[in-house]
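S.K.: This is the structure I want to talk about, given as C-alpha cells.
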Amino acid sequence: MNLTLFGFRLAARALPLLPGPLVSPLSAIAGWGFWLANGPGRRAVRANLRIVLRREPSSAEIRAVFITAAQNYCDLFFLPRIPADSLIRSVEIDGWENLAGALRQGKGALLASLHLGNIEVVGKAAALRGLEIVLPVERLEPPELLDLMIGLRERVGFRCEPVGETAFDRIRDALRRNCIVGIGADRITLGEGELVTFEEYSARMPVAAAVLALRTGAPLLPYASQRLAGHRFRLRIGEPIPVSRSGRLSADARSITESLLRALGVYLRDNPTQWVVFRRVWESDR
C-alpha cells in the first residue's frame with residue numbers, strides 16, 4: 001500500500017477521535033519528523049526563504065515551515081469536530097468589503113493565494129457565511145489519495161474540481177453562478193508555467209488565475225491566510241488586481257500574474273515561515 005495514502009487514512013480516522021488539546025502537540029511532532037526526513041524539502045525551503053528574508057534562514061525558521069504544513073493537515077482532519085460558531089469566532093477577516101464588492105458585479109470572484117497559513121480553516125469559515133467556494137485541485141497518485149483529499153475538503157464545505165480538460169468549463173459555470181473560485185498562485189499543476197518576476201527575481205509560476213480572469217471577466221483578488229496564536233486565524237482579502245488586455249494573451253497573463261504576485265508578496269513577507277511550498281521556486285538568486 002502507498003505509505004502516504006495509508007498515513008492520511010489513518011490520520012483522517014484517528015485525529016477526530018482525540019481530545020482537542022492533543023492535536024496541536026501531535027502536529028508539532030509530525031512536523032519535526034517531516035523536517036528530519038525530507039532533505040530535498042529542507043534545501044528547497046532554505047532557498048526560498050533566503051529570497052523572501054533577504055538573508056540566510058535559521059534552522060528554526062526552516063523547521064517552522066514543516067510544522068505549519070503538519071498543523072494544516074491536522075486541522076483539516078480535525079475540522080469536523082469544531083462547532084460552526086466556534087470556528088467562525090476563531091477567524092478574523094480583513095477586507096471582506098473587497099470580496100463583497102466583487103460579488104456584486106455578478107461575475108463571481110477569483111481568489112488567488114500562495115499556500116500560506118491554513119486555507120481550509122478560513123475557507124470553511126467563509127463557507128459557513130453562505131459562500132459557495134470551488135477549488136481546482138491537483139490530480140494525485142494514487143487516485144485513492146485524490147479521492148480522500150477531495151472528500152475531506154468537500155466535508156469542509158468546498159466543491160472540488162480536479163484539473164483537466166473539463167475543469168475550465170466547470171469553473172466558468174461556477175463563476176456564472178456568482179461563486180468564488182480559489183486558485184493557487186505558487187504551484188504549477190498543469191503545463192510548465194511562465195517565467196515571471198516575483199520578489200525581484202525570475203521564477204516559473206502558474207498563470208492560471210490571470211488567464212481565467214482574462215477569459216471570464218471575473219474580478220481577481222489576492223488573499224492570504226495567517227495562523228495566529230491560540231489556534232486563531234486571519235483571512236486577508238486584497239483589492240481586485242487590474243486586468244488589462246492588449247490582445248496578446250500570453251503577455252497579458254504574465255503582466256497580470258506579476259501584479260498579483262506583488263500583492264501576495266506583501267502577505268508572504270509578513271509570514272514567511274507559514275509558506276508551505278517544498279519545491280525550489282527560484283532557480284537562482286543571481
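The values are calculated or read from the model by the stated rules, or taken from the named source; none is laboratory data. As the structure is a computational prediction, the values presented were derived from the model and not from experiment. Counting neighbours? That spans all protein chains shown, and the Cβs are built from the backbone with ideal geometry, glycine included.
S.K.: Restricted to region 188-218, and to residues that are charged (D, E, K, R) and in contact with a Leu (Cβ under 9 Å, 6 or more places away or on another chain), which residue is farthest from R262 (Cα to Cα)?
M.R.: It comes out as R215.
S.K.: A further question on this structure: Could you check region 246-286 and list, in sequence order, the residues that are in contact with a helix residue (DSSP H, G or I) (Cβ under 6 Å, 6 or more places away or on another chain), touching a residue at least 12 places away in the same chain (Cβ under 8 Å), of a type outside the set (V, I, T) and in a loop (DSSP other than H, G, I, E, B)?
M.R.: F278, R279, R280, W282, D285
S.K.: Taking the conditions exactly as written (more than 28 Å from I150 (Cβ to Cβ) and either buried (at least 19 other Cβ atoms within 10 Å of the Cβ) or charged (D, E, K, R) (or both)), does R55 satisfy them or not?
M.R.: The answer is yes for R55.
S.K.: Counting residues that are surrounded by 14 or more Cβ atoms within 10 Å (Cβ to Cβ) and at pLDDT below 90, which strands (runs of 3 or more DSSP E) fully inside region 91-206 reach at least 3?
M.R.: It comes to 133-137, 158-162.
S.K.: Could you list, in sequence order, the residues of region 207-237 that are in contact with a Phe, Trp or Tyr (Cβ under 9 Å, 6 or more places away or on another chain) and either closer than 29 Å to I88 by Cα or in a strand (DSSP E or B) (or both)?
M.R.: P222, Y223, A224, S225, Q226, R227, L235, R236, I237
S.K.: Show the residue pairs that are 6+ apart or on different chains and have beta-carbon atoms under 6 Å apart, the first residue being within region 161-172 and within 12 Å of R139 (Cα to Cα), the second being loosely packed, with under 15 Cβ neighbours inside 10 Å and modelled with pLDDT under 80.
M.R.: Close Cβ pairs satisfying both conditions: P162/R139; V163/L190.
S.K.: Taking the conditions exactly as written (in a helix (DSSP H, G or I), farther than 23 Å from L114 by Cα and not aromatic (F, W, Y)), does V23 satisfy them or not?
M.R.: yes
S.K.: Can you tell me which residues in region 243-258 are crowded, with 17+ Cβ neighbours inside 10 Å and out of contact with any Ser or Thr (no Cβ under 8 Å at 6 or more places or on another chain)?
M.R.: Those that are crowded, with 17+ Cβ neighbours inside 10 Å and out of contact with any Ser or Thr (no Cβ under 8 Å at 6 or more places or on another chain): V243, A253, R254, T257.
S.K.: Here is a list: R55, R46, R13. Which entry is assigned to a helix (DSSP H, G or I), at negative phi, at pLDDT 95 or above and not hydrophobic (A, V, I, L, M, F, W, C)?
M.R.: R46
S.K.: Would you mind finding the one in L49, L15, L5, L76 that is under 23 Å from L146 (Cα atoms), surrounded by 13 or more Cβ atoms within 10 Å (Cβ to Cβ) and under 20 Å from the mean Cα position of the chain (by Cα)?
M.R.: L76
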